[in-house]
1. How far apart, in nm, are two points set 7 Å out from the Cα along the Cα-to-Cβ line at Y102 and at K25?
2. Along the Cα→Cβ direction, 7 angstrom out, place labels at R44 and D147. What is the inter-label distance in nm?
3. For region 87-169, what class follows from the C-alpha gyration tensor (a ≥ b ≥ c being the square roots of its eigenvalues): rounded when a/c is under 1.5, otherwise prolate if a/b is larger than b/c, else oblate?
4. Ranking request for peptides 127-137, 50-60: highest mean number of other beta-carbon atoms within 10 Å first, then the rest in descending order.
5. A 29 angstrom limit on the alpha carbon distance is what I want to check against. Which of K43/K74; K43/K71; K43/K115 exceed it?
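Quick note: the coordinates plus some simple rules give every number you see, no bench work behind them. Note that this is a predicted model, so its numbers are computed, not measured. Using ideal geometry, Cβ is built from the backbone for each residue, glycine included, and neighbour counts are taken over all protein chains shown.
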Amino acid sequence: MFILIFQKQELQRLFGYTEMHKNAKDLTGQQVGRLLVICPTEKRRCGGVVWLCRCVCGNLIYVRSSCLVNKISKSCGCLQKEWAHTLGKTSAKHHGSTEQLYNVWRCMKQRCSYKNATGFQYYGGKGIRVCSEWKNDYTVFKRWALDTGYKPGLTVDRIDNDGNYEPSNCQ
């Protein structure tokens, strides 16, 4: 855990540390996801205090109070990068990530693989999986979709709703 070793004057000089308003909630020392709240700053966004936080990866970032209290911000961005990597999306510039079909593929994988995804209870929670050839390679999924007549605006339907996402069970 990061230990505050700076004096208030040093924090003021380096990060714009400021004393808390008497009605503001002191978040100093709290852990929110991967973030450790270090100190409040002079900065204000949307009327709220902006806090200096240290991520477990070592990055220092500024985060609004509301984002910490409501657990909207959980890392410096490293968590999202790790999550994207586990989905097989290595870069937003590649793999057709701007295509609607890419979003269909990404959402299909999320609802079958990640407990916090919207709809997980209806898919992954019931044991529905995405076949490995599709899960691990968007281009294989895209080739199948285009060969079977996919057009923008369509989705991938499973023939057997209790079956997996795989070529033999989808249309």
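1. So the label points at Y102 and K25 sit 3.8 nm apart.
2. Placing both labels 7 Å along Cα→Cβ, they lie 6.1 nm apart.
3. Oblate is the answer for region 87-169, as a/c is 1.5 or above yet b/c matches or exceeds a/b.
4. 50-60, 127-137
5. Violating the 29 Å limit, Cα to Cα: K43/K115.
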